[in-house]
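For reference, the structure is listed below as structure tokens.
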Amino acid sequence: MYTLNAMPAIKTQKKAAEKEASVYSSALQIQLYTAMLRIRLFEEKIVALYPEQEMKCPVHLCIGQEAIAAGICANLEKRDYVFSNHRGHGHSLAKGAGMKPLMAEFYGKATGCSKGKGGSMHIVDVPNGLLGTSAIVGGGIPMAVGSALASKIRGEQSITAVFFGDGAFEEGAFYESFNFAALKRLPVIFVCENNFYATNSHQRARQFACKISSSAVAFDAPGVCIDGNDVLSAYKAGKDAAQRARNNGGPTLIEATTYRWKGHVGPDTDHEKGCRPKDELLEWVKKCPIGRFEKHLLETGILDANALIAITGEINSEVDDAVKFAKESPYPDVSELLTQVYSD
Amino acid sequence: MAKLNIVQAINSALKNEMKRNSDVVLLGEDIGRDGGVFRVTEGLLEIFGPERVIDTPLAELGIIGSAIGMAAYGLKPVAEIQFMAFSYAGLEQIFSHAGRIRSRSRGRFTCPIVVRMPYGIGIKAPELHSESAEALFCHMPGIKVVVPSSPYNAKGLLTSALRDPDPVIFLEPSRLYRSIKTDVPDEDYAIPLGKAAIYQEGKDITVVAWGAMLHRAAEASAGFDAEIIDLMTLKPFDEEAILNSVRKTGRLVIAHEATRSGGLGAEIAALVAEEAVMHLKAPVIRVAGPEAVTPMAKLEDAYMPQIDRIRKAFATVMEF
């Protein structure tokens, strides 16, 4: 199995994070836990229902990566913006999107957040500041910079966060955008979720240095590498970056190492297809962001077993309601095909 | 009313609209202090300041993508790309996002950007400085494509583009930038997108052209009773104007400098074949650029359809 370079860093950061935990309020820690669990249970339901073949779109699941979306988005206000990618369910939920319109979208229903025409990869939720996800790797990065530039021009307080993967780090869009953001000191947070794989290619087969966060040095901007499976690390990094953005300090690059438990697309695991080693998955399952945090909450007495059961139960009913809503919703009319191409 | 060239007319449209609408923001390489490669934005930095006339890094994809994000936020960004072929590095953002955001969000948010770029041969610079790839943009849904042919319509069309709710690719014929001057009102006025203009009325041949080729087609029409249509908006183009004219004349010649295969002329010919074939008295002829890369200056004239080639097409449809 692979020895991932991020591991030594994770150990030292873990200790720091434990120290850090004591400074965060119980309410905040419960909020972070709930945000992660909502993503996990929402996506596990997709896994369970996908074989029914009623969900008519490819799904890119982020099970195992929930801490990053939860930790970063906890620092964003409703007025702030998020751009995301093809693996965007977690970012959407963490930014405040409702489960019902999301789930309905996957079923291609008229009540979906994109009226059943965008699917899992094209999620938009304007009132909650989710300005778009798309299938093009790196496609959202320049847009996020534009959004931050617009906010600065208007003298408004909104900041923008953009989530992308280690594959998008290889796209030219990243460099063009980061340079412009650094030049103009724009209020934008670049969040690279490094799950070490672009589809099935390991980072080491694609990048010589494997030091994504270090690239910020070229732009004289802060770059940090965090344990992306530690929600408090993600929260802390997001907090620092958001403060910097709000105080005219320019962009930050956060590289958050993590692991995608499921395949690049679909509900299956990769070792079943021989794409990635099973041992590697099992190692990362041990570092489950939710399990780790749950243990911490129990040990510190922030939550007890009954409280965990109650939270899980509430989320499960929310997920069930979303599925019911999605299944019972109507499909869009065929006439919808020709609408919204142009303004008229 | 002043006599202006196209560069000045576009500058005037930008200036007026920036005064009228504080959301209009320009961005591009060297557009501020330098006024742009062709000096189209000259003087605007001094009036509107660096927050609204933004010099960007050399990054076409970044420029266009940033413009899309600014539009998503609620501004009206106008990106300048130095030459049409330089936009190829940014096509991903135009094709994959600008043209689809309205559809993707079912109208919840839109992408009202304008991307301006000089196009076409005529400045004695080869290939990537002289492209006519308008058909590429016309092929993709959700995008509008506009080409002016005079200072007067450049100002009016750009004003409309700046007020349009959809992404507009505004192609400026570099050959014409400073070669014609016409009366252009100081105040702002809008020429609607999607409508063609009858540049010259006639009874025998319908000629469809745009940009620099319009003037060449007009010159070629001496001695023929040709009705010349200035298409102006290439996507979505004015089908009725073309069909009405062909129903009257029974003959159609389309002249464009872009390569013939897959060019917009094919689309226009197909429209007439589908909707007005019984009115035709002669086969449709396309006079177009050759299947070749735009050449160095010495061969430029041989590349761009010449007056005699257009006249030959007119004679052929008349003699059929």
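The values are calculated or read from the model by the stated rules, or taken from the named source; none is laboratory data. What you see is a predicted model; the values in this text were computed from it and never measured. Here Cβ is always computed from backbone atoms with ideal geometry, including for glycine, and neighbour counts include all displayed protein chains.
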Discussion item. Being of a type in the set (S, T, N, Q), more than 23 Å from residue B:25 (Cβ to Cβ), touching a residue at least 12 places away in the same chain (Cβ under 8 Å) and surrounded by fewer than 24 Cβ atoms within 10 Å (Cβ to Cβ) is true for just one of B:103, B:174, B:130. Which residue is that?
Written reply: B:103
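Confirm whether residue A:114 is in a loop (DSSP other than H, G, I, E, B), within 13 Å of chain B (Cβ to nearest Cβ), under 15 Å from the mean Cα position of the chain (by Cα) and of a type outside the set (Asp, Glu).
no
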Fill in: Test: residue B:16 is away from chain A (no Cβ under 14 Å), modelled with pLDDT of 95 or more and under 22 Å from residue B:129 (Cβ atoms)
no
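Is at least one residue of segment B:19-31 of a type in the set (S, T, N, Q), crowded, with 19+ Cβ neighbours inside 10 Å and free of Cβ contacts under 8 Å to residues at least 60 places away in the same chain? Before you say what the answer is, go through the steps one by one.
Here is the first cut: in segment B:19-31, the ones of a type in the set (S, T, N, Q) are B:21-22.
Narrowing further to those that are crowded, with 19+ Cβ neighbours inside 10 Å: none.
No, that holds for no residue.
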Worksheet entry | Flag for residue A:23 being surrounded by fewer than 20 Cβ atoms within 10 Å (Cβ to Cβ) and aliphatic (A, V, I, L, M) | yes
Practice prompt. Mind telling me which of the residues A:308, A:297 ends up being more than 14 Å from chain B (Cβ to nearest Cβ), touching an Asp or Glu at 6+ places or on another chain (Cβ under 7 Å), aliphatic (A, V, I, L, M) and farther than 20 Å from residue A:102 by Cβ?
Written response: A:308
Worksheet entry | Odd one out for residue A:209 among (1) within 14 Å of another protein chain (Cβ to nearest Cβ); (2) not in a helix (DSSP H, G or I) | (1)
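Checking the conditions here, which among A:44, A:105 is within 14 Å of chain B (Cβ to nearest Cβ) and in a helix (DSSP H, G or I)?
A:105
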Worksheet item: For residue B:105, which of the numbered conditions (1) at pLDDT 95 or above; (2) at the interface with chain A (Cβ under 8 Å from one of its Cβ atoms) fails to hold?
Response: (1)
Worksheet item: Out of (1) over 29 Å from residue B:160 (Cα atoms); (2) surrounded by 17 or more Cβ atoms within 10 Å (Cβ to Cβ), the odd one out for residue B:261 is which?
Response: (2)
Item to complete: Restricting attention to segment B:92-113, report how many residues are in a helix (DSSP H, G or I) and out of contact with any Leu (no Cβ under 7 Å at 6 or more places or on another chain).
Response: 9
Worksheet entry | Breaking point among (1) surrounded by fewer than 19 Cβ atoms within 10 Å (Cβ to Cβ); (2) closer than 23 Å to residue B:147 by Cβ, for residue B:74 | (2)
Fill in: Qualifying positions in segment A:89-111 - touching a Pro at 6+ places or on another chain (Cβ under 8 Å) and within 12 Å of residue A:57 (Cβ to Cβ)
A:108, A:109
Worksheet item: Considering only segment B:76-91, how many residues are within 14 Å of chain A (Cβ to nearest Cβ) and closer than 28 Å to residue B:20 by Cα?
Response: 5
Worksheet entry | Residue list for segment B:127-185, filter: of a type in the set (S, T, N, Q) and either farther than 27 Å from residue B:89 by Cα or more than 14 Å from every other protein chain (Cβ to nearest Cβ) (or both) | B:130, B:132, B:149, B:150, B:153, B:159, B:174, B:179, B:182
Worksheet item: Within segment A:152-193, restricting attention to residues that are in contact (Cβ under 8 Å) with a residue 60 or more places away in the chain and part of a helix (DSSP H, G or I), which residue is farthest from the chain's Cα centre (by Cα)?
Response: A:182
Discussion item. Looking at residue A:144 and the list (1) in a helix (DSSP H, G or I); (2) closer than 23 Å to residue A:98 by Cα; (3) more than 7 Å from every other protein chain (Cβ to nearest Cβ), which single condition is not satisfied?
Written reply: (3)
